[in-house]
Structure formats: structure tokens, C-alpha cells
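Here's the structure, in C-alpha cells; my notes come after.
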Amino acid sequence: MSTVTRKSQGFAGERIIEIPKDALERCRTMPLINSLFITRMGFYPKARYHYYQRPTGISQVILLYCTDGQGWIQLPNHRVLLTAGEVFAIPANMPHSYGADNNNPWTIHWFHLGGTHCGQSVSTIVDERSNTPHPLRVPYSDERVILFDRIFDTLLKGYGTTNLLFANLTLPYFLASFVLPENFQPDIVTSGTSPTDKAILFMQENLSRTVTLDNIAQSANLSASFFSRKFKQDTGYAPIEYFNHLRVQRACQLLHFSDLRINEVASQLGIDDPFYFSRLFKKHMGVSPAEYKKSEGIQRRT
């Protein structure tokens, strides 16, 4: 059974790019992008009567991002409503149909994606909190739309190697805006509204002091036990381990960009014992501070 397509004679302002076969073959040979690359992409504004039916699916992953209106996606055992501010990925080779709502048609930015790991790459762009997949809701971002346009305009210039590389290397950043919207929007990151954000800000402001777990937990207004569990869930690290990561990161900067001796670097981090500092540094970096300076070609006093 063949694909069924039904729509009006185009949508005002629509944009679409179909990557030629020879360009796709080159994508498959480029190590930097062969795991995930664009095969087709487009933008349909207020796409009334937009409809596709694919009884056997297609060999690419389909990514649909709705910025206005709404539409629907029919999967073999589940119907998905996609509304403004939501994104959904249809797996490769999955039978499906989808279309715009008749009364409030969607505006969508969409991709067809190929590559050796395209399925794994977009698998997180589905809300799997229930037994059936649901769209992922994200805050609107002008930067996300600008990124989409940048990818599109790059491919519009042609399918030379540099254009293919730039467009497809930008794609993971675009996807990250859905998976990690709190990192993608700097105002959310720096606002420090979550307990973990508050704790990290406290750590960054107190790298020159010796702090305890209780100190850090108090900065987040939580008990030490609850805070420890929450912080590790959010970051993958225990609070003190994370704090020590930040201290060693700062030590690397001081070793690179100052004339401080190693014991002076330790002192800048609130560590009075240079031997403890060396052990801590080696634990995180794999080499001692002196070896680090030597390997990085930092010719300053030690």
C-alpha cells in the first residue's frame, strides 16, 4: 500500500529541502555525521489540510515540532495530540498517519533523519512517563527557531561538504534544546531557582573556603540527607565530589593563567595542605599538579 498525501496547494510561507541522493551517500561516509544526519526538512505555517498516511512507515525518523495550533499523529496502537510547544519523534519503519487540526491547524518545523544511530539520538524526545509515548513539552525559544533557520539556510546554499558538515553538526545542538531546555536558555540556568542550581552557585562562590555538606544543603534550604539524594539525582555526583570537581577545575585555570606556585594554588582554594591538594588533583585529573604543568607546557614557577 502506497503513501497517501493530502494537502492544499501549498501553505503560504512554507519551506522544504530534500537532500539529494548523492549528498546523502556522502553523509554516510563522513565519520562526524554518519550517525545522525538530515535527509529532508521543512516548515509548514498554519498548514490547513496537511495530511500524510504511511502504512509501512519510512526508513527515517520523523521529528515534528509544533509552535502554533495543533494536529494529531496516529500510531499503530496510540493516537497522539500534538499542540503548540510540543515535539514528537516517530520511529523509523513505524506505520503512521498525521495531519493538522481542521479548526486550528498546526505550524510545524520538521525533519526526516537518517544515520546509524538516528533512533537512539532522538529517543529522548518522547515523554515516556506512561506506557504509551507522549509528546515532550518545552518552553518556546527564539534561539531554537533561529537554529532551525540557520540549518535550513545553510543547506539552501548547496550540498557541498562544508555545508553538509555544518548543518548536521548543528543538528545535535538543536535537539539539545528539547532534551535540556534548562541548559539551553541561559536565563533559566543563572536564575538559580532550583535547589541544585542554588547549591552549585554557592559552591562556585565559595571555592576558596572549606565547606561541608551541611553548608551546601543550607544554601539550598534542604536537609542534608534529602539534598544529597536530590543533588546526585540531578547531577550524577555527590555534593562534595561535585564541589571538588569545581575546585580542581579552578586549579587548572590558575595553573594555566597565573604565576602562582602549586602550594599557592592550593591556598587559593582554601587547602592548607599541599600534599592533600596534590592527591585531590591527581584523583580528578590523573596526574599531579606538577605533571599537569609540564604536560601542558606551562613554563612558570612550581
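No lab work stands behind these numbers, since they all come straight from the coordinates. From a predicted model like this one, the values you see are computed outputs, not experimental measurements. In this analysis, Cβ positions are derived from the backbone assuming ideal geometry, glycine residues included, and neighbour counts consider all displayed protein chains.
Run through all the Cα pairs of segment 192-295 and give the fraction in each 10 Å bin from 0, expressed as whole percent.
Histogramming segment 192-295 at 10 Å steps yields 16, 45, 28, 12, 0 percent.
So how strong a dipole does segment 4-184 carry about its Cα centre when Lys and Arg Cβ are +1 and Asp and Glu Cβ are -1, to the nearest 20 debye?
Working: 16 positive and 14 negative charges, 94 e Å.
That gives a dipole near 460 debye.
I need the phi-derived Karplus couplings for segment 243-256: 6.51 cos²θ - 1.76 cosθ + 1.60, θ = phi - 60°, integer Hz, Gly and Pro marked x.
Running phi through 6.51 cos²θ - 1.76 cosθ + 1.60 with θ = phi - 60° gives 4, 5, 4, 5, 5, 5, 4, 5, 4, 4, 5, 5, 5, 6 Hz.
In segment 56-139, if the dipole is taken from +1 on Lys/Arg beta carbons and -1 on Asp/Glu beta carbons about the Cα centre, which of PRO105, VAL61, PRO76 is farthest to the positive end?
Positive-most Cα among the choices belongs to PRO76.
Pull up all non-local amide H partners of ASP68: gap of 5 or more, or a different chain, and H-to-H distance under 5 Å with H placed in the peptide plane.
Distant-sequence amide H within range of ASP68: GLY85, THR107.
Hey, with R₀ at 22 Å, roughly what FRET efficiency would ILE16 and SER97 work out to, going by the Cβ-Cβ distance, to 0.05?
Working: r = 19 Å, r/R0 = 0.87.
Working from the Cβ atoms, E equals 0.70.
Considering the chain as a Gaussian network with a 10 Å cut-off on Cα pairs, which listed residue, LEU155, LEU175, LEU260, attains the greatest mean-square fluctuation?
It is LEU260.
When each pair of different Cα atoms in the chain is counted once in the 1/r mean, what is the Kirkwood radius in angstroms, to one decimal?
Details: mean 1/r = 0.0440 Å⁻¹.
One over the average 1/r among Cα pairs gives 22.7 Å for the chain.
Could you give the distance between the Cα centres of segment 190-257 and segment 41-103, to the whole Å?
Computed from Cα coordinates, the inter-centre distance equals 42 Å.
Considering the zone a paramagnetic label at LEU180 would reach in this model (a point 7 Å from Cα along the Cα-to-Cβ line), which residues of segment 220-256 have amide N under 20 Å from it?
Under 20 Å, as judged by backbone N against the label point of LEU180, lie 230-250 of segment 220-256.
In segment 244-281, what trypsin sites (Lys or Arg not before Pro) fall in a loop by DSSP, with at most 16 other Cβ atoms inside 10 Å? It would help to have the intermediate numbers written out before the result.
Numbers: sites: ARG247, ARG250, ARG261, ARG279; in loops: ARG261.
Answer in residue order: ARG261.
With the chain treated as a Gaussian network of Cα nodes joined by springs under 10 Å, which of SER97, SER225, SER177 yields the largest mean-square fluctuation?
It is SER225.
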